[in-house]
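Since every read-out is calculated from the coordinates, none of them should be taken as a lab result. Since this is a predicted model, take the numbers as computed values, not measurements. Cβ placement follows ideal geometry from the backbone for every residue including glycine, while neighbour counts extend to all protein chains displayed.
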Amino acid sequence: MRNATLAIAAMAVMVVTLTIVLFSIIANATFSNTIAQITDKIDISVFLQDSVTQAQTDTLISQLKKLPNVQSVSYLNKQQALAAYAQQNAGNQSLLTAATISGNPIPATIRIKPKDLNHIQDIRAFLTTKQNQALQTDGSPSYSGERKKAIDNITHATNILRRVGVVAVIVFAIISALIIFNTIQMAIFNRRDEIQIERLLGAGSWFIRGPFVVESILYGILSAVLSMVLINSVFVAASGALQASSLGLLDISYANTYFDKHFWWLLLMQIVVGMLLGAASSVIATQRYLKFKTK
């Protein structure tokens, strides 16, 4: 209470730091869920020439299944591919009529589901080898052009957002530690006479240092609780007052569900991080300005 202004400033920055840490964790989980949903809906289609034999098809499928980034491989013969085409274009009778009259122009198709969109080029590189291109109608898989650009943009954006989150956490953690450091320094200066008396009476290092460490730990605990309240208020406002279901790539509905489901784990994590940040800053401050010797 003697350094109320500095204490409030230290807690304010720590709240911002812990809020960024919490938001980064929730956002990372949300982005991972979004990418998983996108990945589940995306497949690479390989259109085979009519001259390709069943043995060649089986060999290609077997090789594809061995690729590390392949989740699953399915095969549609010409009749199954035509049925799938008819289902996808059920509302366009002219296309269905044209496909029927021309005697099934739809080629046999291999559909590949990738595990990670960041490494989808590995699958494409395999499919565009000279040997495999010779089996395909147009020499390349369907993952190309604008579709390829859209997928690449999604993965690139999520990777950038994750890196920005990490950088923001590091920057604010440093700022928070410096402010706590200065807060403890001022507390030591204001209590220098009391500390001197304690040392003259034979008080040990940790007896004098203890109150400052406890003070910083309390900053961390209170800041952790406030950051949880702040994030919860943001979710309530976004889903209630603003009636928003998403913010760009951030699925607010899933983020809110993730926050509620992991509330106690996130609170414990916030408290531990806050306590460690505060205690470390305090120990360094007392070590430097009280010139204690580490025992």
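What whole-number distance in Å separates the alpha-carbon centres of region 31-67 and region 198-225?
Between the Cα centre of region 31-67 and that of region 198-225, the gap is 61 Å.
Order the peptides 24-31, 188-195 from the highest to the lowest mean number of other Cβ atoms within 10 Å of their residues.
24-31, 188-195
Convex hull volume of the Cα atoms in region 188-235, per residue, in Å³?
For region 188-235, the hull spanned by Cα atoms encloses 63 Å³ per residue.
Can you tell me what percent of all Cα-Cα pairs in region 151-198 are more than 11 Å apart? Walk me through the numbers on the way to the answer.
Values: 824 of 1128 pairs.
Tail of the P(r) past 11 Å holds 73 percent of the pairs.
So for the pair I221, A157, with labels modelled 7 Å out along Cα→Cβ, what separation do we get in nm?
Each label point lies 7 Å from its Cα, and together they span 4.3 nm.
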